[in-house]
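Please treat every number below as a calculation from the coordinates, not as lab data. The structure displayed is predicted, hence computed values, not measured ones. Because the Cβ atoms are built from the backbone with ideal geometry, glycine has one as well, and the counts that use them run over all protein chains shown.
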Amino acid sequence: MAKKKKKSKKRFILKIVLSVFLLLLIVGGITGYSYYKKIYYPNIKTTNSKIYLYIPTGSNFNDLLKILSENGILLDFSSFEWLAEQKNYTNHIKPGKYKLNNKMSNNELINLLRAGKQEPVNIVIRGFRTKEELAQKIGNNLEADSCSVMDLLNSNSFSNEYGFNKENILVLFIPNTYEFYWNTSAEDFFSRMAKEYKTFWTNERQQQANDARMTQTEVSILASIVQQETYKADEMPVIAGVYVNRLHKGMRLQADPTVIFAVGDFTIRRVLKKHLEYDSPYNTYLREGLPPGPICIPWQKSIDAVLNYKKHPYIYFCAKEDFSGYHNFAKTGAEHLKNAAKYQNALNKRNIK
C-alpha cells in the first residue's frame, strides 16, 4: 500500500510540474508572441503602397512622435515607443525624407530611421527666368525654404564668395537633373551647384570663352539671350554669331528678350515702342554691351552655342514671316528693314498686338 501511495504522490507531483511547465510555456508563448508582434508585425497605417515621412533638422523623439501622430502614420504608438527605447533610437533622430510602405514593421521602420537611409530628391534645374522661380522650386523640394534661398540669391556678400554678384548669380546654375537629400540647407545647395559649375566649365570651354573675348559669366549671359531668341538648336550658333559681331563692333545688342525681361511681362508677344523706351540696365536698346545678369538660366546647349558661335558677316536678324521659329539674317540695315517689314505685316495679319 505504501508503495502505491508513493507512486500516486509522484504522479500527482509530476502532473503539477507538467501543468506548471505547460502553463509557463503557454504564458511564455503568449508573451513571446506579443513581443514578436510589437517588433515584426506591420505597423504603418496606410492603404498606399508607399508614404513619405519628413523629419526636420533639429527634431527630437517627441517631435517625431508628433509628426507621426499628425500624419496618422502608425497603428500602435506604444509598441513603436517601446522598441525605439530598446534599440536606443530615442536619442539618435536623423532628419530627412524617408519612404515607408504599408507592410513595414516597427523594427524595419526604426532601423531605417536610425540608419538615416533617406529617399533621394531629384531636382530639375531648367527653364527658370527669375530668381523667384528658382527659389520656389528649391523650397518646394528641399527643407531649405524659398525665403532663405532668395536671401542668398540677393546677397552680394554671399555671391562674392563664388565670384559673382547678386545680378549675375544665376549663371552659377547649370541646367540638369540633380540628386539631393531633402534636409539639404540653402548654403549646401549653393555649394553643390558651385561644384557642378566647375565641372561644366572644362579647360576646353574656358579656352573657347577666351577665344571669343568673353568671360565665363559673359558667355552665360549671352547664352540666356540666345536661348530666349530661338528654341531651334541648329540656329543658336548663328544668332550667337550676330551678337558676338555686335559686341566686337561696339554696337548695342538691341535684343527684344532683354526688353521683355526688363519690363517683367513674359506674356508680351510683340515688343512695341513703349517697351523699347523702358528704362532699365537690362534694356539693350538703351544700354551698350551685355546686361548685368542673365535673363534666364541658360541651357547647356545655349552656352555651347555661344562658345561655338558661327562666324559670319551678319549683324541683324528678324523672325521669319512664316512663324516657323527660324530667322532671316542680314548684313545691312536696309536689308534688315525689309525683313522686319515682312514680319510686322505677318503680325498685323494675325492681329498679334
Cα gyration tensor shape for segment 51-115, rounded if a/c is under 1.5, else prolate or oblate: rounded
Relative contact order computed over segment 51-115 (Cα-Cα under 8 Å; 6+ residues apart), in percent: 50 percent
Over the chain: helical MRE at 222 nm, DSSP H runs n ≥ 4 each giving -39500 (n - 2.57), nearest 500: -16000 deg cm²/dmol
Proxy reagent accessibility, fewest Cβ within 10 Å first, across VAL306, VAL219, VAL271, VAL244: VAL271, VAL244, VAL219, VAL306
Rounded FRET efficiency, nearest 0.05, which uses the C-beta distance separating GLU85 from LYS232 and R0 of 51 Å: 0.20
Residues ASP76, ASP322, ASP304 arranged by fewest to most Cβ contacts within 10 Å: ASP322, ASP76, ASP304
Using a Förster distance of 35 Å, the FRET efficiency for ASN203-ASN122 (Cβ separation, nearest 0.05): 0.75
Mean-position separation - Cα centroids, segment 244-323 and segment 115-139, in angstrom: 28 Å
Reachable aspartates and glutamates from LYS349, criterion Cα separation under 12 angstrom, eight or more residues apart if same chain: GLU321, ASP322
Relative contact order of the chain, defined on C-alpha pairs under 8 angstrom at six or more residues apart (%): 14 percent
Segment 201-308: C-alpha gyration tensor shape, a/c 1.5 cut-off, then a/b vs b/c: prolate
Segment 121-200: Rg to Rh, with Rh as the Kirkwood radius over Cα pairs: 0.91
Cα-Cα over 24 Å, subset of LYS38/LYS103; LYS50/LYS117; LYS99/LYS301; LYS38/LYS66; LYS274/LYS338; LYS131/LYS195: LYS99/LYS301
